[in-house]
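The values are calculated or read from the model by the stated rules, or taken from the named source; none is laboratory data. Predicted, not measured: the structure shown is a model, and the values here were computed from it. Glycine gets a Cβ as well: all are built from the backbone with ideal geometry, and neighbour counts include every protein chain shown. Side chains included, ligands, DNA and RNA excluded: accessible areas come from the protein's heavy atoms. Shrake-Rupley method; radii C 1.70, N 1.55, O 1.52, S 1.80 Å.
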Amino acid sequence: MNAPIEPRPAEGYAGDLTPQQAWDLLADDPGAVLVDVRTEGEWRLIGVPDVGSLDKEVVFSQWVTGDGRPNPAFLAELETAGVTTDQAVVFLCRSGQRSIGAARLVTSAGYGPAYNVLEGFEGPVGPLGARDQAGWKVRELPHTTFAEPSR
């Protein structure tokens, strides 16, 4: 078992985790769930986190749709995916920004603790214009190509 996870404090949700802390939480807490809130286009083009080695599945629910509009069915999709109000929920987006809104929303709806993954899946744009400096992928955490989730 890893050392206790110490999230960075945040307003409106349980806190921010580094990608490695998020992985460790998912590994240590059998009930914790990872929710990827990027768009379907991002999942398909860039890839997705893979938590299969932890005997878990990623929940995919867009925070905003491909046209940039908020997803009005976000909470309903989490519920349909089996996310419950009494489990840790770890939110991941591209760079750790959209997932803050998701963590705040589910916290206000009674879920949680809810966490945001700092750096996101790809991290911020680096000095050469690429997203190759930080994030889940750069930290070499498990990831794969997108496969249509079973519904």
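Please compute the net charge surrounding GLY123, taking Lys and Arg as +1 and Asp and Glu as -1 over other residues with Cβ under 11 Å from its Cβ. Neighbourhood net charge equals +1.
Rolled with a 1.4 Å probe across the full set of protein chains, the surface gives GLU79 an accessible area near 130 Å². Of the peptides 13-26, 62-75, 44-57, 97-110, the order by per-residue mean of other Cβ atoms within 10 Å, starting with the highest, comes out as 13-26, 97-110, 44-57, 62-75. Measure out, as a whole number of angstrom, how far apart the alpha-carbon centroids of the stretch 43-81 and the stretch 100-151 sit. Between the Cα centres of the stretch 43-81 and the stretch 100-151 lies a distance of 10 Å.
Protein heavy-atom accessible surface, 1.4 Å probe, per residue over the chain: 51 Å².
Placing unit charges on each Cβ (+1 for Lys and Arg, -1 for Asp and Glu) gives the chain a dipole about its Cα centre, and among GLY112, VAL51, PHE74 the Cα reaching farthest toward its positive end belongs to PHE74. Express the carbon and sulfur contribution to the solvent-accessible surface of the chain as a percent, rounded to the nearest whole number, probe 1.4 angstrom. Accessible surface attributable to carbon and sulfur in the chain totals 51 percent.
Heavy-atom accessible area with a 1.4 Å probe sorts THR39, THR145, largest first, into THR145, THR39. For the stretch 2-62, the mean projected area of the C-alpha convex hull, equal to one quarter of the hull surface, is 4.9 nm². Charge tally for ASP29 (other residues, Cβ to Cβ under 13 Å; Lys, Arg +1; Asp, Glu -1): -3. About its Cα centre, the stretch 85-151 has a charge dipole of approximately 160 debye under the convention of +1 per Lys or Arg Cβ and -1 per Asp or Glu Cβ, with nothing else charged.
What is the sum of charges, Lys and Arg at +1 and Asp and Glu at -1, for the other residues whose Cβ falls under 13 Å from the Cβ of ARG8? Neighbour charge sum, excluding ARG8 itself: -4. Taking 0.36 nm per residue of separation and subtracting the Cα-Cα distance, full extension of the segment from ALA147 to ALA76 would add 23.4 nm. Once you treat every alpha carbon in the stretch 85-151 as an equal point and sum by Debye, what is log10 I(q)/I(0) at q = 0.11, 0.14, 0.22 Å⁻¹? Evaluating at q = 0.11, 0.14, 0.22 Å⁻¹ gives log10 I(q)/I(0) of -0.32, -0.50, -0.93.
Note on the chain: dipole from Cβ charges, positive end direction compared against VAL64, ALA103, THR18; the farthest Cα belongs to VAL64. Fully extending the segment from VAL64 to ALA109 would add 14.4 nm, taking 0.36 nm per residue of separation and subtracting the current Cα-Cα distance.
Restricting attention to the stretch 1-141, close to 15% of DSSP beta bridges with both partner residues there are antiparallel.
Using just its DSSP H runs of length 4 or more, each adding -39500 (n - 2.57), the chain gives a mean residue ellipticity at 222 nm of -6500 deg cm²/dmol after division by all residues.
Note on the chain: with charges restricted to the Cβ of Lys and Arg (+1) and Asp and Glu (-1), its dipole about the Cα centre is near 400 debye.
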